[in-house]
Amino acid sequence: MRTQIYLRNVLALVLGMLGWNQAVRAEVPGFIVERVARTGEPVPGIEGATFTWLDDQPLIDGEGNVLFLAAFNDGTKDRGGYFYGQPGELELVIEYHDQAPGLEEGVLFQVAQFINLAPDGTITFRADVGSGDSPSDWFRALFTGPPDGLTLTMYEDGPAHGLPKGATTFGIHDPDINATGEIATFGTIFVPDHPNGSYQAITAGPPDDLQIVAHGFGE
């Protein structure tokens, strides 16, 4: 039943954000669904800004908070990022070209993608980060945490969890998160002085204690 409620909520939110119904409102047991954003409407908390584009894949947590990607104009320039919250209480929690937490100053969010939202509101996602405008200068990193407290979980060329010193991650793929906040991701690991050099691996666990649970390293 809860899955059906979530699906109906998400459907209503999608229809409302695309403008197919200017006042989508659906009532289901325990929930009242309202439009949370629409292109041309003001962006909460950013004076003079209006939404110019809304992604068609919003996520919703167990408290009815919605997480979605949007573009907006603040009156002087175009901006973009992820918003989180409920109607009238949205907050910009990930903004493109803002400082990426846990990385050296000047390393910015360039693209955030493959984002997942747990029932308790914990977010996990993979981002392309870097200090330059060229994608060739960017690298991948994974972030996890509550909307107002995201932390760096792993990054390319960073240490590979649960492996000897010197092993590094150089490929990070789509992360997933469960109801208890544990995450899982697939990636490629470089192990120096090993005959094959690089391997595929699945890493999972609490964000602050990730371990490799399956790999192709051999003995």
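Tabulated data for the structure shown
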| item | result |
| --- | --- |
| Under 5 Å, built H, 5+ apart or other chain: amide partners of L108 | A100, G130, S131 |
| Segment E89-H194, length gained on full extension (0.36 nm per residue, minus Cα span) | 32.6 nm |
| Rg and Dmax of the range 96-168, Cα atoms only, in Å | 12.8, 36 |
| Per-q log10 I(q)/I(0), the range 24-165, q = 0.13, 0.18 Å⁻¹ (Debye; single scatterer per alpha-carbon; no solvent) | -0.62, -1.08 |
| Cα-based Rg / Dmax (Å) for the range 153-219 | 11.5, 39 |
| Gain upon complete extension [E34, D120; 0.36 nm per residue less C-alpha separation] | 28.9 nm |
| Compactness of the range 90-219, expressed as Rg and Dmax over alpha-carbon positions, Å | 14.8, 51 |
| Cα-projected label distance for F170 with Q99, points at 7 Å along beta-carbon direction, nm | 3.0 nm |
| Paramagnetic reach from T50 (point 7 Å along Cα→Cβ, amide N under 19 Å) across the range 81-118 | 81, 88 |
| Estimated distance in nm for a label pair at S136 and D209, the labels positioned 7 Å out from Cα along Cα-to-Cβ | 4.4 nm |
| Rounded Å value of the spacing that divides the Cα centres of the range 165-219 and the range 85-106 | 26 Å |
| Amide H within-cut-off set for G121, under 5 Å, with H built and near neighbours excluded | G62 |
| Neighbourhood net charge (14 Å Cβ-Cβ; Lys/Arg +1, Asp/Glu -1) for P135 | -3 |
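Where a number appears in this text, it was derived from the coordinates with a stated rule and is not lab data. Everything quoted here is computed from the prediction, not taken from an experiment. For neighbour counting, all protein chains shown are included, and Cβ atoms are generated from backbone atoms with ideal geometry for every residue, glycine included.
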